[in-house]
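Step one of this worksheet: look at the structure below.
The values are calculated or read from the model by the stated rules, or taken from the named source; none is laboratory data. As the structure is a prediction and not an experimental result, all values here were calculated from the model. Don't worry about glycine lacking a Cβ; one is built from the backbone with ideal geometry, like all the others, and counts go over all protein chains shown.
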Amino acid sequence: MGRLTTLVIVVVIILIFASIPFFLRGAFPMYYGELISEVASIHDLDPMLLAAVIQVESSFRPEVVSKKGALGLMQLMPETAAWLGEQTAQTISPEDLLEPSVNMGLGAHYLRYLFDRFPTQYAALAAYNAGPTTARRWLEEGIWDGSYERTGQIPFAETRSYVRKVVIMYNLYSLLYQ
């Protein structure tokens, strides 16, 4: 009877561990998977990072409007979107930003722009949240070195939290969906 009990316990433990990703995917779904993959590929971004930014920004809700007026999945400000539209030869209206493919395309373009101009992905994420001028000042004045380990030095609590949340969600999505 002892071996049978041990076998049952081992099987139950294996089933529990095997089902954890299933339950975590239910708790942390990744919507727009095909669109995320396509847009990430176009802009040479890790799709799991793009998904993490979208999750933190809007929880995958395309209709979301922030108190400050940021719109859509990637919470783009209309002024930033208009500038991005100029860079990509598009005329972008605020209503366009509620369309997932438009918002994600512009947001990914902006992320790529920031990744190309900042020394670390963490600094680029901070710039996405606080603005590039502010993030650049933190780096140039030695307030923050752009590392994940020193995110506690980021002066804005919202931006500190934002960078950390995106990294956590990136790691989780990478574990669950790759």
- Is it fair to say Leu98 is out of contact with any helix residue (DSSP H, G or I) (no Cβ under 9 Å at 6 or more places or on another chain), surrounded by 16 or more Cβ atoms within 10 Å (Cβ to Cβ) and more than 19 Å from Tyr173 (Cα to Cα)? yes
- Message: Between a residue in region 57-68 that is surrounded by fewer than 11 Cβ atoms within 10 Å (Cβ to Cβ) and any residue that is in a loop (DSSP other than H, G, I, E, B) and modelled with pLDDT of 95 or more, which pairs come within a Cβ distance under 8 Å, given they are 6 or more apart or on different chains?
- Response: Glu63/Gly72; Lys68/Met77
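Looking only at region 71-82, count every residue that is more than 18 Å from Val163 (Cα to Cα) and either surrounded by 14 or more Cβ atoms within 10 Å (Cβ to Cβ) or in contact with a Leu (Cβ under 6 Å, 6 or more places away or on another chain) (or both) and tell me the total.
Selection size over region 71-82: 7.
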- Query: Within region 114-133, restricting attention to residues that are under 17 Å from Leu76 (Cα atoms) and without any contact (Cβ under 8 Å) to a residue 24 or more places away in the chain, which residue is surrounded by the fewest Cβ atoms within 10 Å (Cβ to Cβ)?
  - Reply: Thr133
- Where His43 falls short, out of the listed (1) over 14 Å from Met104 (Cβ atoms); (2) touching a His at 6+ places or on another chain (Cβ under 7 Å); (3) not polar (S, T, N, Q): (1)
- State which residue pairs qualify: first residue without any contact (Cβ under 8 Å) to a residue 24 or more places away in the chain and among the hydrophobic types (A, V, I, L, M, F, W, C) and inside region 135-157, second residue part of a loop (DSSP other than H, G, I, E, B) and surrounded by fewer than 17 Cβ atoms within 10 Å (Cβ to Cβ) in any location, beta carbons under 7 Å apart, and separation of 6 or more residues or different chains. Trp138/Pro155; Ile143/Pro155; Trp144/Arg150
- For region 1-104, which helices (runs of 4 or more DSSP H) that fit wholly inside it have 1 or more residues that are more than 19 Å from the chain's Cα centre (by Cα)? 2-27, 78-87
- Could you check, for region 41-52, whether at least one of its residues is polar (S, T, N, Q), closer than 17 Å to Ser174 by Cβ and surrounded by 13 or more Cβ atoms within 10 Å (Cβ to Cβ)? no
